[in-house]
Ligand SMILES: [Zn+2]
Ligand SMILES: [Zn+2]
């Protein structure tokens, strides 16, 4: 998907049960403003709050964020890499990025 | 990998046993002229002959081509799609394409 | 594959509880599993794990076809057979194990090598087929029969450190109906030259490599059985092939496949393959696949 | 893991012939398998297939840890246990099966729930560990021990229609050596809130989904065991996590993971976790994971 105007388009995916918090859909197309209200490029940090406010219909926000961060036990993957390899919450979203949130499983 | 001058770079992969014909390596970086000697853009057809002439050290060419075509039992995949979805042998190679040759397996 | 459904017995709620609570299965899915019959052709490295997980899941009827006996060299990968079963028919050995795992379902034994004459009468009684065989001739025969009899086919293969999996004739439609899924001939119209075909005996195979493919066959079979229309439509849009390579990076790759081939010898409007040509013997799969020394093909 | 190697017996050439001819295994690899001891913690949906394929492949010593007994609701996915084994210890049930599959190797039974006090003495005797358990507290305990005792860990998990697999502490290096592979705490420094942890009992799981993950654990274990330096170096460059989702498109995804965390509580230069803190009881894994009602953790 190409960029239109002042928006940046990306794919957001949820797995490991997190999809249940997001209308039971694993894959979402998301369009963000290129520049945050603060005047800076949008980051993962911005995306997480945006998803919480706009995409998440479930009221149990604490199953996704804790103290303004993604809660422990959720891996954030930027284009199939652990976000810790990419700058974590400060990573600036690029057009067509694939951002995946994976809740770790413990069953066996 | 970006294009340099008049060459087009691509990744060629072999699996299902075909890698044994190509120095036992599954993944190869290949650089082709952008335009074939005939003056037309390079196609898969050209690539197959090129691989046979330049990359294949094994003398048993008939395990890879038969009557100038990829032999039956080999799937040709263009960027993870069956080449029949992309124009088969006439498909024009694009920069950074991933072309994979897979010999079908029959064991069980 | 959807016969009369009657509710489960109390014991079945206990046995299948952990999958009954899955939204993708539920009571409806469990009843579908119970009322479905699956034919597993080949009880080797693929067929063993496939049969174990289908029996575990409660597929109502499981048919097993194999003419071979258990050999010691099978045991590293064919983990339903045990050391004391060496020399026994593979079908009998597997049935012994499966009955002890799940005695509540039905098992049908076909202790025979498959051929064009005996195969139609075996296939007719099943809703879904798993190709767990090990040679091209049987793969073409099984695919042809599945098209002619309207059954979906879950086909897998493995050799050395690699495996391949594809679902054929899904959805299962009449020959000539382009909305049906492709068959084995659509993907491989010509058989490979016989000298390029390597068996597990010649090339070797690692147990968990063929094991993964067999377990995935069971999974795909369950998905087909519990499928309802919306899942079916989304899946049938893009037939796909799963490639697995133990040392690959990444190890798994999903390939988009073509749809039905307009001039396919089996599933097109003017097929050359028919039940009549099978039973008359005019279709010689071993000759087609260039087998010089036609022994038992399964 | 490389003790004295002596050649194989004639019977072993027969049993393992199909994997002996693989260049990735060969006689050297088979001898390494024979001289390696693997501990499988948890004999459930993951541990059953993992144990079956490791026994099939000829791993010399297989240890099984589990304090549970076989229940009917296990059988749809824990396919080593059979209906007549309901009520028996899972370790005994699995050992009974494994001995019949491959009587030529050694099995060690640990019929117990793992805890910080008994675990070090169990782990010490093994070269490689498979985490086939089902809760965060045991996953942290097992990873900590593998780092402290210098063992590579193949860890998998499954729930509903999904599975995850990762190889930890590979290569196994001393705490503080940044060339060692990451541990579970490097990837998950903080445990998930207890209320977000869903068990297979609560969430359900499909048999072949957990089965695939268990078979893949056996495969990764074999790869680690037969590894020689050049393979090891290429793999250890990028630690990875394999994600599986039965209905995902694609179903498998490989994720690049971080390397060791410089301030990891276990594998860094200044760890807070030590064998002394484990045995003294000062590390409470259940409290760490926020378990309100600390029952048996395995
Ligand atoms: Zn066809
Ligand atoms: Zn660590």
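The values are calculated or read from the model by the stated rules, or taken from the named source; none is laboratory data. Predicted, not measured: the structure shown is a model, and the values here were computed from it. Every residue, glycine as well, gets a Cβ built from its backbone with ideal geometry; the counts of neighbours run over all protein chains shown.
Computed values, structure above
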quantity	calculated
Residue count for segment D:75-110, restricted to those that are touching a strand residue (DSSP E or B) at 6+ places or on another chain (Cβ under 7 Å) and within 11 Å of chain C (Cβ to nearest Cβ)	3
Lone qualifier among B:61, B:34 - being more than 12 Å from the chain's Cα centre (by Cα), touching a residue at least 24 places away in the same chain (Cβ under 8 Å) and farther than 28 Å from residue C:242 by Cβ	B:34
Residue match in segment C:8-18 (condition: surrounded by fewer than 17 Cβ atoms within 10 Å (Cβ to Cβ), more than 9 Å from every other protein chain (Cβ to nearest Cβ) and under 23 Å from the mean Cα position of the chain (by Cα))	no
Single unsatisfied condition, residue C:120 versus (1) on the phi < 0 side of the Ramachandran plot; (2) in a loop (DSSP other than H, G, I, E, B)	(2)
Selected residue (criterion: nearest to the other protein chains (Cβ to nearest Cβ)) from residues of segment B:43-57 that are outside any helix (DSSP H, G or I) and surrounded by 15 or more Cβ atoms within 10 Å (Cβ to Cβ)	B:56
Selection count, segment B:2-22, where residues are in contact with a helix residue (DSSP H, G or I) (Cβ under 8 Å, 6 or more places away or on another chain) and in a loop (DSSP other than H, G, I, E, B)	2
Test set (1) within 19 Å of residue C:224 (Cβ to Cβ); (2) part of a loop (DSSP other than H, G, I, E, B); (3) out of contact with any strand residue (DSSP E or B) (no Cβ under 9 Å at 6 or more places or on another chain) - residue C:189 fails condition number	(1)
Leading residue by the ranking (farthest from the other protein chains (Cβ to nearest Cβ)) among those in segment D:142-201 that are under 19 Å from residue D:275 (Cα atoms), away from ligand 2 (no atom under 13 Å from the Cβ) and surrounded by fewer than 21 Cβ atoms within 10 Å (Cβ to Cβ)	D:150
Selection status of residue D:214, at pLDDT 95 or above, away from ligand 1 (no atom under 16 Å from the Cβ), touching a helix residue (DSSP H, G or I) at 6+ places or on another chain (Cβ under 8 Å) and farther than 21 Å from residue A:75 by Cβ	yes
Within segment C:14-39, tally of residues that are out of contact with any helix residue (DSSP H, G or I) (no Cβ under 7 Å at 6 or more places or on another chain) and touching a residue at least 24 places away in the same chain (Cβ under 8 Å)	5
Among the candidates C:140, C:184, residue that is under 20 Å from residue C:224 (Cβ atoms) and within 16 Å of ligand 1 (Cβ to nearest atom)	C:184
Any hit, segment C:59-71, residues being in contact with a helix residue (DSSP H, G or I) (Cβ under 6 Å, 6 or more places away or on another chain), surrounded by 24 or more Cβ atoms within 10 Å (Cβ to Cβ) and within 30 Å of residue A:17 (Cα to Cα)	yes
Residues of segment B:88-108 that turn out to be away from chain C (no Cβ under 12 Å) and assigned to a loop (DSSP other than H, G, I, E, B), as a count	6
Scan of segment B:59-108 for residues that are out of contact with any strand residue (DSSP E or B) (no Cβ under 9 Å at 6 or more places or on another chain) and either loosely packed, with under 15 Cβ neighbours inside 10 Å or more than 15 Å from residue C:196 (Cα to Cα) (or both), ordered by number	B:59, B:60, B:61, B:62, B:67, B:68, B:69
Residue C:294 being modelled with pLDDT under 95 and touching a helix residue (DSSP H, G or I) at 6+ places or on another chain (Cβ under 9 Å)	yes
Among the residues listed as D:57, D:137, the single one being within 17 Å of the chain's Cα centre (by Cα) and farther than 29 Å from residue D:276 by Cβ	D:57
